[in-house]
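Right, one structure below, let's go through it.
The values are calculated or read from the model by the stated rules, or taken from the named source; none is laboratory data. A quick note: this is a predicted structure, and the numbers were derived from the prediction, not measured. For neighbour counting, all protein chains shown are included, and Cβ atoms are generated from backbone atoms with ideal geometry for every residue, glycine included. Please note that ligands, DNA and RNA were not included when accessible areas were found on the heavy atoms of the full protein model with its side chains. Shrake-Rupley method; radii C 1.70, N 1.55, O 1.52, S 1.80 Å.
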Amino acid sequence: MTRCLNCGADRNEDVCGACGLSTAAAELFLRKRLLNRTAVFVLGALAFVAASVRYPPVELDSALIFIGVLFFPTLGLAILVERRALRHSEVEALKRVYYALVPIPWLLAILLVANGALDRGAPRIEHARVVGKFAMAGALPIRRLVVTSWRDGNRFERIPIDRGDFDTFRSGDFVEVKVQDGLVGIPWVSGVSSR
Ligand SMILES: [Zn+2]
């Protein structure tokens, strides 16, 4: 006895008693649904990156690493489910884990947007000195200003910065970093200016 790839019901015959699909049709439906959910997942990851550019958390790099660590195993899981479906092995449990992971990047993106867009608090001005900067070109270019930290236990902060500001600041400059507390308590940077 196996489970229907489409609805997950136990089936003894080629045609599923619960949803009426044959084994081949159920497989096709599953693959289509996997593809759709994968698209939703990838778009969610992009939405998260876009949100983190607009309302960058102070701990942006940790947030991006978290998304990266989530991203590749989740895609790997989708591939595994599809491979198993092709071999007509059991997929029900893995499929549920995959479907549960799909909305996570969207939830995190919404959290970041809400944290920044609905934050009505006044920014805190933190004084820092630029000690370096780095840029990485690519589809999602990364520009960071490395400044002395204002937080206990941290030596440096890597502040995301736009292209214009990136060219303006030099090592040794004194800057003011506008830090907001965030609606849900995720501190984020709303701007950097020279002092
Ligand atoms: Zn079925």
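Brief remarks follow.
- Backbone N under 19 Å from the residue 171 label point (7 Å along Cα→Cβ), restricted to region 126-154: 128-136, 143-149
- As a length-normalised measure over Cα pairs under 8 Å and 6 or more apart, the relative contact order of region 110-195 settles at 34 percent.
- Based on C-alpha pairs under 8 angstrom that are at least 6 apart in sequence, region 1-135 has a relative contact order of 28 percent.
- Accessible-area ranking of 188, 150, largest first, probe 1.4 Å: 150, 188
- Ranked by solvent-accessible area (1.4 Å probe, protein heavy atoms only, all chains present), the residues 95, 133 order from largest to smallest as 133, 95.
- Percent of Cα pairs in the chain per distance bin of 10 Å, from zero to the largest separation: 9, 28, 24, 15, 12, 9, 4, 0.
- Equivalent ellipsoid semi-axes, region 87-195, via Cα gyration tensor eigenvalues times 5, rooted, Å: 36, 19, 13
- Residue 65 contributes about 110 Å² of solvent-accessible surface, heavy atoms of the protein only, 1.4 Å probe.
- For residue 59, solvent-accessible area (1.4 Å; no DNA, RNA or ligand), Å²: 90
- Accessible area per residue in Å² at 1.4 Å probe, computed on region 73-152: 57
- In this calculation the C-beta distance from residue 84 to residue 39 is compared with R0 = 30 Å, giving a FRET efficiency of 0.90.
- Within the accessible surface of the chain, defined with a 1.4 Å probe on protein heavy atoms only, the carbon and sulfur portion equals 60 percent.
- Neighbourhood net charge (12 Å Cβ-Cβ; Lys/Arg +1, Asp/Glu -1) for residue 134: +3
- The H on the amide N of residue 173, modeled in the peptide plane, is under 5 Å from the matching H of 130, each at least 5 residues off or on a different chain.
- Heavy-atom accessible surface of residue 134, to the nearest 10 Å², is about 80 Å², with a 1.4 Å probe and all protein chains retained.
- Beta bridges by DSSP in the chain, antiparallel share as percent, to the nearest 5: 100
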